[in-house]
Structures are given as C-alpha cells and as structure tokens.
1. Take Thr219, Thr85 and order them by how many other Cβ atoms sit within 10 Å, fewest up front.
2. If you rank Ser241, Ser172 by fewest surrounding Cβ atoms within 10 Å, what's the result?
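Here, each number is a calculation from the coordinates, and none is a lab measurement. Here the structure is a predicted model, which means the values were calculated and not measured. Note that we place each Cβ from the backbone using ideal geometry, even for glycine, and neighbour counts take in every protein chain shown.
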Amino acid sequence: RRQRHVLVRVAPLTSRLVVVLVDDRTRERHVERIRRDFVANVSHELKTPVGALNLLAEAVAEAHDDPEAVVRFAGRMQREGERLTRLVQQIIELSRLQGDDLVDEPQEVDVARLVRASVEANGTDAELRGIDIAMRCDDELYVLGDPSQLLQALNNLVENAVAYSPERTHVSVVAEHHDEDVQVTVRDQGIGIPAPELERIFERFYRVDPARSRSTGGTGLGLSIVKHVAASHGGSVEVWSEPGEGSSFTLVLPAAARTREDAEGSDAEG
Ligand code: ADP
C-alpha cells in the first residue's frame, strides 16, 4: 500500500458547464489570466535555450583555432537546438488543446495499439538505460478520440517513467477495462514525487527539480499536455507516488461502446 495518494481529476465537461452558466465573466477573466501567465512563461522558457545558443555561437567563433572545442560547442548547440524544437512543438500542441473542448469527430482508437506504439517510441531510451518496459493489455479495448493526441499523452507518461528512473529498473504499462472506463497505468520504480508537489506537476512548466528535468531534456509541459488530452476526451489523470519507490500515472478514459459490448457479451440495449 502506498502511503500518499493524491487524485488529480480534470473536471468533467458537465460541471464546467455549470460554472459557465453561474458566472461567465469570472470564467472569462480566469481564462484570460491563464493565457497571460502562459505567454509570460513561454517567453521566459524560450529565452533560456536561445540565450544558450547565442553564447555557444560566440564560443565557437572564438574557438576557431581549437577544433576539439568547436566540436564540443557544436554538440551542445545541437542539444540546445533539439530542446528548443521540442519546446516549440509542445507549446503549439498545448495551445491547440487549451480549450479543453471535446475532440471533434472522434475516431475509434485501439488502446492496445496505442500502448505498443508508446512502448516502441521509448524503447531506445529505455534500452540505453537498462530499463525494461513490460506491457499488458486487456483484449478489445477501445476509446473514442484523437489517436495522435492520445498517443502523445501516453508517450509523455512513458517518457517520464523512463527519464525519472534509475538504470536497470522496470516500467510497466497496463491497460484495463474498469466499469465504464479504460484505464491505462504507467508505473515506474523511479525517484518518485514528494506529496506536496503532486498537485503542481500538472501545471505548465512546473518541474520538481528543474536541473534534473533540464538534463533529461524535459520542458515541464509533458504532464499538462496529458491533463488537457484527458480533459478533451472526457477523462482524467490520477497519480500515486512515493519518493524513492516510484510513481504510477493512470489515464482514465471513457470506454467506447464496442469495448463494453465485447466485455459484457450481448447487450440488448447496446
Ligand atoms: P518534464 O518535461 O520536466 O518531464 P512534465 O510536465 O512531464 O515535465 O513533468 C513535470 C515534473 O513532474 C517533472 O519535471 C518531474 O519533476 C515530475 N515527474 C513527472 N513524471 C515523473 C515520474 N514518472 N517520476 C518522477 N517525477 C516525475
């Protein structure tokens, strides 16, 4: 049993609608404040890699008679460039998701495929660090939504599980059918997250340890993307964690009708 247990639930759309009806202006002001904070944070976050690139470019120019130094600086420039690319991609992704509107024209998405794809996408990083990723998936699990958003969300969870775990540990990805939902749980034996931080990690750009996140190439946006994808699919994200033991993130998504029919046999009303 884990001692600390915190649920981060994204409000279902219906309760958000109530808020809109009660006081539309308060909500507008709130949305406006979030947008302003986001823009301020984005500027700040972009300045770091851009500043580093400028300094490195100067260093390269000054080190022209030292080929080894040039190669070293060029390598660092490449890493900063990759970080910047990733940051920009995630900012674009997040600004697309910010409305939390339900996905337009949802498709039927095969959860087993998502799980396999996310494990494959992180296979190389995991292998390099001697981390094995096990996966298990109930048969015939389907959700309705946007397959690329869902893959992005799951990818972010698996990526974090690998990034915040010591070498030679285990990560598992388990997808199961639970009542009306599909639950996909990514569990690791990593560094864990202190209880007071648990409710903050889903905020944009929030990192428990900025230095560590930087060295793993993190942007602080991964989990906020997960939260928004969950919300735009009518679902939620839950997290359990114990520092020094590991973390477990569960993406809860409403099951598509096909899943329920298959799981419960013939359903006359279906
Ligand atoms: P980042 O790009 O920094 O990983 P995320 O939004 O994905 O940003 O995560 C926010 C922070 O939450 C991370 O910086 C890290 O401190 C913490 N975190 C996320 N996932 C895990 C995990 N599986 N184990 C430990 N800490 C984690």
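1. Result, fewest neighbours first: Thr85, Thr219.
2. Ser172, Ser241
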